[in-house]
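Colleague: The structure is given below, and queries will be raised subsequently.
The values are calculated or read from the model by the stated rules, or taken from the named source; none is laboratory data. Quick caveat: nothing in here was measured; it's all calculated off a predicted structure. Ideal geometry is used to build each Cβ from the backbone, glycine not excepted, and the neighbour counts take in all protein chains shown. For accessibility, only protein heavy atoms count, side chains too; no ligands or nucleic acids. Shrake-Rupley method; radii C 1.70, N 1.55, O 1.52, S 1.80 Å.
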Amino acid sequence: MKQYNGPLDANKAAAAMQAARLNALDLLTSAELLYQQGRYQHSAAISILAIEEIGKLPLIQGIFLADQSQLKSLWRAYRQHRAKTERLPIALESRIRVNFPEIDASDAREVVADGPSPAELDIQKQLALYSDFVEENDEPVCHLPRNVDWQRQAWERMWEAKVAVENIRDRTPEELGVWLRHRLAPENVGKALIEFLPAIHADLVKEGHIADGDWKYILQHLSEERGDA
C-alpha cells in the first residue's frame, strides 16, 4: 500500500482528523483494559500509541494549510513517532489550567516539565513491547519487558493519554475553511500562523464554530510568549 504524500482538501483533512481521534479513543480503551488485567507493560505502550495518534491532528491541519514546498517535511513528521508527541506538554498544561485555575501558569509548566519527553516516550514504548540487550557496567544485560515493574508508568501514561485524547473534538470542513481563508489572505502572506491566530479565533467565534472562551489558555499562552503587557 503506497503512502500518500500530497495535499489535502478540507473534507479529506476533516475526515483524517476524525479518524485519528476515533482510533486514539480505541487505543486508550485497549490500554485501560490491559491495565485492568495487570498487563502493565502493554498498557503503557498502547497509551503512548494513543498519544501519538491524537498528535496527528495538528499535523493533518498543518498539511491542509501548507503549500507544496512544506508537504514533504510535514508528511514525514506525520509518520514519525516523536514528532507526534511533541504537543503533549501543551495539552497537559491547558488541562491543568482549566481544571485548576488557581495554579499559576509557571507552576503548571513546572508540573508538565516533570513528565516524559518525546524521546523518553519512544524509548519507553520500545522497552515495554520488545526484548532487547541493554548495557550495565559495560556488560550486556538481556531486557525482558515482563521483568520490569510497569504499573506506575502504565498509570501515568494512561492518564496522560486520557487528558490528550478525551478533550479533543472533530473539526468540520467549514471550520477548517476559516483557517485556510486567513492563511491565504494577502495581509498574512509570509507571516507565521501564530501571528494571526487571534484573528482566526475571532472569526471562528463569530461563525459559531467555537465558543468565546474555548481558546482562553491558548491565547493567554500566546500573549505570554510574546511578552504582551
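The rows are residues; the columns are (1) under 30 Å from residue 220 (Cα atoms); (2) touching a strand residue (DSSP E or B) at 6+ places or on another chain (Cβ under 8 Å); (3) basic (Lys, Arg).
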{"position": "13", "(1), (2), (3)": "yes, no, no"}
{"position": "23", "(1), (2), (3)": "no, no, no"}
{"position": "39", "(1), (2), (3)": "no, no, yes"}
{"position": "58", "(1), (2), (3)": "yes, no, no"}
{"position": "67", "(1), (2), (3)": "yes, no, no"}
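Colleague: Taking the stretch 110-167 as the region of interest, how many residues are in contact (Cβ under 8 Å) with a residue 12 or more places away in the chain, over 24 Å from the mean Cα position of the chain (by Cα) and either part of a helix (DSSP H, G or I) or under 17 Å from residue 28 (Cα atoms) (or both)?
Modeller: Residues flagged as in contact (Cβ under 8 Å) with a residue 12 or more places away in the chain, over 24 Å from the mean Cα position of the chain (by Cα) and either part of a helix (DSSP H, G or I) or under 17 Å from residue 28 (Cα atoms) (or both) within the stretch 110-167 amount to 2.
Colleague: Sticking with this one: Among the candidates 80, 151, which residue alone is touching a Phe, Trp or Tyr at 6+ places or on another chain (Cβ under 6 Å) and modelled with pLDDT of 75 or more?
Modeller: Values: 80 fails: touching a Phe, Trp or Tyr at 6+ places or on another chain (Cβ under 6 Å).
Exactly one of 80, 151 is touching a Phe, Trp or Tyr at 6+ places or on another chain (Cβ under 6 Å) and modelled with pLDDT of 75 or more, namely 151.
Colleague: Right, next: Cβ-Cβ distance below 7 Å, separation of 6 or more or different chains: which pairs start in the stretch 18-46 with a residue that is modelled with pLDDT of 95 or more and end on one that is part of a loop (DSSP other than H, G, I, E, B) and surrounded by fewer than 20 Cβ atoms within 10 Å (Cβ to Cβ)?
Modeller: Hits for this filter: 18/170; 21/168; 21/170; 41/148.
Colleague: Still on this structure, I have one more. Hey, any hits in the stretch 35-44 for a residue that's farther than 26 Å from residue 117 by Cβ and either of a type in the set (A, V, I, L, M, F, W, C) or in a helix (DSSP H, G or I) (or both)? Outline the logic, then answer.
Modeller: In the first step, residues of the stretch 35-44 are kept if they are farther than 26 Å from residue 117 by Cβ; the result is 36-38.
Adding the requirement that they be either of a type in the set (A, V, I, L, M, F, W, C) or in a helix (DSSP H, G or I) (or both) leaves 36.
Yes: one or more hits.
Colleague: Something else about it: How many residues, within the stretch 180-212, are assigned to a helix (DSSP H, G or I), open to solvent by 60 Å² or more (accessible area, probe 1.4 Å) and free of Cβ contacts under 8 Å to residues at least 60 places away in the same chain? Explain how you work it out, then say what you get.
Modeller: Here is the first cut: in the stretch 180-212, the ones assigned to a helix (DSSP H, G or I) are 180-184, 186-188, 193-206.
Still in the running and open to solvent by 60 Å² or more (accessible area, probe 1.4 Å): 181, 183-184, 186-187, 194-195, 206.
If we keep only those that are free of Cβ contacts under 8 Å to residues at least 60 places away in the same chain as well, we get 181, 184, 186-187, 194-195, 206.
Within the stretch 180-212, residues that are assigned to a helix (DSSP H, G or I), open to solvent by 60 Å² or more (accessible area, probe 1.4 Å) and free of Cβ contacts under 8 Å to residues at least 60 places away in the same chain number 7.
Colleague: Looking only at the stretch 27-69, count every residue that is touching a Lys or Arg at 6+ places or on another chain (Cβ under 7 Å), acidic (Asp, Glu) and surrounded by fewer than 18 Cβ atoms within 10 Å (Cβ to Cβ) and tell me the total.
Modeller: 0
Colleague: Follow-up. Please give the number of the condition residue 177 fails out of (1) among the small types (Gly, Ala, Ser); (2) open to solvent by 60 Å² or more (accessible area, probe 1.4 Å); (3) touching a residue at least 24 places away in the same chain (Cβ under 8 Å).
Modeller: With (1) among the small types (Gly, Ala, Ser); (2) open to solvent by 60 Å² or more (accessible area, probe 1.4 Å); (3) touching a residue at least 24 places away in the same chain (Cβ under 8 Å) applied to residue 177, the lone miss is (2).
Colleague: Quick check: anything in the stretch 201-223 among the polar types (S, T, N, Q) and modelled with pLDDT of 90 or more?
Modeller: First pass over the stretch 201-223, keeping only residues among the polar types (S, T, N, Q): 220, 223.
Subsequent filtering for residues that are modelled with pLDDT of 90 or more retains none.
Scanning the stretch 201-223, I find no residue that is among the polar types (S, T, N, Q) and modelled with pLDDT of 90 or more, so the answer is no.
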